[in-house]
Amino acid sequence: MSSRHLAFLGFSAFALFAVTAHPVHAQTRASPASHCLQSITSNPTAAVAEAEALYEAGNTIDSRQCLGVALVAQGEAPRGARVLQDLANDIAPKRDVSAATKGLVWADTGRAWLEADDVPKSLAAFDAAVKLMPSDADLRVDRAVALGNARRFWEAIDDLTAAINGGIETSEVYLLRATAWREVGTTELATDDINRAAKLAPKDPNVLLERARLRVATNDAAGAQQDLLAVMKAAPGTPAALTAKQELESLTARTRR
């Protein structure tokens, strides 16, 4: 995963897990812009050009959606978010556009605004998407990320629990919920979740870093030190390793007092 924004924990699980956590929902929907959407990851610049050509040919909804997502992918998140927001607003009152299509556009809008560091707009878009697609487990994870960045941890926990109940039992989701549980002071449940995450991804530096923080919170300095050293070994030169080094130095200073 690439580094993220709006970290509320420094090198945060929520701050690392957002727009790239799930593929663009629109890719699951067959449309004239399917190729455009599928090419976003490999060549966002080409996708932008294809989207513009599709728009000129009269394919307005799909082309605008692909354009917005492609702009985000090539580093123009604010511009892409505005394209998607305008599209979502335009199709919201239209009866000839399905609820699923509207929901997909709102979901992409939420991810785009999160990438653009606008959490309030991201949450508004995700709320609209969830109303239209309440059973979409991936979407609940996406909204949980935005809620975590807004420090609305109880609501994030609710969304992550819904996602887990909906079948998403990945190390990332358990990591996110462990982080949220720790933030609200529920270390026992946080420990349960981080242990699940560690079982699924025992060498993941983000999992190790969160487990170290939980061990600090539960007065297990030796265990925390072990995890922090493991992060530095597993991911040298990364933001996770830098954070682990800083937290290890802080932990060492406290234990020497």
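The values are calculated or read from the model by the stated rules, or taken from the named source; none is laboratory data. What you see is a predicted model; the values in this text were computed from it and never measured. In this analysis, Cβ positions are derived from the backbone assuming ideal geometry, glycine residues included, and neighbour counts consider all displayed protein chains.
Here are some residues: R95, R177, R82. Which one is in contact with a Ser or Thr (Cβ under 8 Å, 6 or more places away or on another chain) and among the charged types (D, E, K, R)?
Just a single option satisfies the conditions, and that option is R177.
State the number of residues belonging to the stretch 220-239 that are in contact with a Leu (Cβ under 6 Å, 6 or more places away or on another chain) and among the polar types (S, T, N, Q).
Looking only at that region, the number is 0.
List the pairs whose first member sits in the stretch 223-245 and is of a type in the set (K, R), whose second member is assigned to a helix (DSSP H, G or I), and whose Cβ atoms are under 7 Å apart, counting only residues at least 6 apart or on separate chains?
K245/M232
Can you name the condition, by its number, that A162 falls short on among (1) without any contact (Cβ under 8 Å) to a residue 60 or more places away in the chain; (2) farther than 26 Å from T252 by Cα; (3) touching an Asp or Glu at 6+ places or on another chain (Cβ under 9 Å); (4) not basic (K, R)?
Unmet for A162, out of (1) without any contact (Cβ under 8 Å) to a residue 60 or more places away in the chain; (2) farther than 26 Å from T252 by Cα; (3) touching an Asp or Glu at 6+ places or on another chain (Cβ under 9 Å); (4) not basic (K, R): (3).
Can you tell me which of V97, V130 is more than 19 Å from I157 (Cβ to Cβ), β-branched (V, I, T) and without any contact (Cβ under 8 Å) to a residue 40 or more places away in the chain?
After ruling out the rest, the residue left standing is V97.
Which one is nearest to P239 (Cα to Cα) among residues in the stretch 179-207 that are touching an Asp or Glu at 6+ places or on another chain (Cβ under 7 Å) and without any contact (Cβ under 8 Å) to a residue 40 or more places away in the chain?
Per the criteria, the residue is I194.
Could you check the stretch 131-156 and list, in sequence order, the residues that are surrounded by fewer than 24 Cβ atoms within 10 Å (Cβ to Cβ) and either in a helix (DSSP H, G or I) or under 14 Å from the mean Cα position of the chain (by Cα) (or both)?
Across the stretch 131-156, the qualifying residues are K131, L132, A137, D138, N149, A150, F153, W154, E155.
Going by the structure shown, is E172 at pLDDT below 95 and part of a helix (DSSP H, G or I)?
Yes: the conditions hold for E172.
Just checking, which of T191, T179 is among the hydroxyl-bearing types (S, T, Y), within 28 Å of A107 (Cα to Cα), touching a helix residue (DSSP H, G or I) at 6+ places or on another chain (Cβ under 7 Å) and in a helix (DSSP H, G or I)?
T179
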